[in-house]
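Heads up: the structure comes next, in structure tokens.
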Amino acid sequence: MRHVASVAGRELRSLFVSPVAYGVLSLFSMLAGMFFILDLGWFEQVLFQFQQYPGQLADFNLNDGLLHEFYGSISVILLFLIPGITMGVYAAEKTNGTEELLLTSPLTIWDIVLGKFAAGAIFIAVLIGIVGLFAGMLFLYGDPEVGKTASGLLGLLLTGWTYVAIGGFASAVTRSQIVAFLITLVVLVTLLLLPGIAEFGIAGSAPGVSDTLRYLSVQLHFDPLLNGLVDTADLTYFAVMIGSFLVITKAAVESARWR
Amino acid sequence: MIEARGLTKRYGDLVAVEEVSFSLARGEVVGFLGPNGAGKTTTIRMLTGFLPPTDGTAVIAGHDIFGDPIAARRAIGYLPETPPLYPEMTVRSFLEYVARIKDVPRVERRAAVDRALERTALTDVRRQVIGTLSRGFRQRVGLAQAIVHNPPVLILDEPTAGLDPLQIREIRALITELTAPSQGDTQQTVILSTHILAEVDAICRRVILLHQGRKVVDAPLSELTSGGRSLDQIFTDHTTHDAADKFAFPSGPVVESESGSES
């Protein structure tokens, strides 16, 4: 545990002494702000139109009309940002030669894998904290549901952590950061498209296959959280995804010894 | 302190290291000699626990590298061929990190880092980012990370490779100083891998010569050079002998099979 903290601490420190963390943080804040304003504008417009139909106005609120869209856009931003954050996490150790230092130190492979994941998870938590600030602003001017607002943030956090676990694995299987970036992006985009793929061709006609594909999709477990539904089945999904990718990452790191 | 028992590393049919055994007592300083590709680095990587041997094992400071790998690794200070450095960290924060992962107790960490900085003459650049340092300085940081936890075993893999003559002299002086037991230090057992003979002459008291993955010489330096022969001659004798054979019979097995078909 002490070692996990040491590895995580170094990882975070390296992130913050280089421009990477600041670049990602400012880019993320900018994009989040942009989407927030766009979604806000859209919300206002719809609200204005709905004023002629009081029946529909009753069903329209900040959570479903604004935060739902906003959180959705954030999940897409995460999909493109996280590969950039995680690409170097193991690949850089190999090019620095520090892989040899880590593997000849009195650390277990789990210390390394968990430490690096924890660092990524903390960084993502900071990003989601920024999203929380935007959502929090709404409480000053309106009254969104606290539960729904929070469960959406939880969904974003878990989605981000899943992406970090996947990105870490991609970085562990290659020496090149660019390759790690591309592998992560391809896997994440594929995960995003899975529900669509599940409807297609052979996959669509075989219920077992399409159900499995659908189950693997991040989106279908993120959506309930977005709608305020915290289901253990969805939480289990995220835990299983993160856990499995950490296990294969551990195997990939260990394989350096056998080459 | 270090005991290698039949260390063997095979990659498929290729044998990188075969049946290398030796035993080093506390405080011994040994030169690991051999031409490039002789298996020095592979042997070292097996001792440090980076590569698992295909066969055989090693005992470091009483801990088997298979039985208790964590304790064995804790006892080793290791400078790999390319010094393992994070270019974005400062010298001091890097050494602090290494001290942490090498299990230096929290209360002793500060002092341990200060001492390593002092012994490698890095105190003046301790706040500098490693990426901005010259090669000679980086090599010193590499040495500092190897000694920061004051390990009983020190393994240095070609510590002067790629340095200019001035830097080589510096690093060599540093190693001599490090290997000379000073007050209050645990006497370190040192393996110094190199293909530069002068280095061995200057620093080591015992020589292990590897050639084509096998140990061909293992003797005290004084004994080897007692007959008036230079280390250079010994090295050449043991490492070119086989090569000469090879040139004489470039395809040994084929010659055999031809004679077989004739009879």
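Remarks
- Subset of segment B:53-75 (residues that are buried (at least 18 other Cβ atoms within 10 Å of the Cβ) and within 7 Å of chain A (Cβ to nearest Cβ)): B:R73, B:R74
- Of all the residues in segment A:209-259, those that are surrounded by fewer than 18 Cβ atoms within 10 Å (Cβ to Cβ) and within 14 Å of another protein chain (Cβ to nearest Cβ) number 5.
- Leading residue by the ranking (nearest to B:P159 (Cα to Cα)) among those in segment B:28-39 that are touching a strand residue (DSSP E or B) at 6+ places or on another chain (Cβ under 6 Å) and part of a loop (DSSP other than H, G, I, E, B): B:G34
- Boolean, B:V30 is more than 30 Å from B:R127 (Cα to Cα), under 15 Å from the mean Cα position of the chain (by Cα) and β-branched (V, I, T): yes
- Top-ranked residue in segment A:100-155 [being charged (D, E, K, R) and within 14 Å of chain B (Cβ to nearest Cβ); ranked as nearest to the chain's Cα centre (by Cα)]: A:K116
- Of all residues in segment A:13-49, those being within 12 Å of another protein chain (Cβ to nearest Cβ) and part of a helix (DSSP H, G or I) number 8.
- Which numbered condition B:V91 misses (of (1) crowded, with 19+ Cβ neighbours inside 10 Å; (2) under 22 Å from B:I171 (Cβ atoms); (3) modelled with pLDDT under 95): (3)
- Residue match in segment A:96-107 (condition: touching a residue at least 40 places away in the same chain (Cβ under 8 Å), outside any helix (DSSP H, G or I) and surrounded by 21 or more Cβ atoms within 10 Å (Cβ to Cβ)): yes
For (1) surrounded by 18 or more Cβ atoms within 10 Å (Cβ to Cβ); (2) at positive phi; (3) in a loop (DSSP other than H, G, I, E, B); (4) within 14 Å of chain A (Cβ to nearest Cβ), each residue gets a yes or a no:
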{"site": "B:E18", "(1), (2), (3), (4)": "yes, no, no, no"}
{"site": "B:T41", "(1), (2), (3), (4)": "yes, no, no, yes"}
{"site": "B:L51", "(1), (2), (3), (4)": "yes, no, yes, yes"}
{"site": "B:G77", "(1), (2), (3), (4)": "yes, no, no, yes"}
{"site": "B:L85", "(1), (2), (3), (4)": "yes, no, yes, yes"}
{"site": "B:D114", "(1), (2), (3), (4)": "no, no, no, no"}
{"site": "B:L117", "(1), (2), (3), (4)": "yes, no, no, no"}
{"site": "B:G131", "(1), (2), (3), (4)": "no, no, no, yes"}
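- Qualifying helices (runs of 4 or more DSSP H) (wholly inside segment A:180-259; at least 3 residues being out of contact with any helix residue (DSSP H, G or I) (no Cβ under 8 Å at 6 or more places or on another chain) and farther than 30 Å from B:P53 by Cα): A:207-216, A:232-254
- A count restricted to segment A:3-12 and to residues that are under 10 Å from A:D111 (Cβ atoms) and either touching a Pro at 6+ places or on another chain (Cβ under 9 Å) or facing another protein chain (nearest Cβ under 8 Å) (or both) stands at 3.
The values are calculated or read from the model by the stated rules, or taken from the named source; none is laboratory data. Note that this is a predicted model, so its numbers are computed, not measured. Every residue, glycine among them, receives a Cβ derived from its backbone with ideal geometry; neighbour counts consider all protein chains shown.
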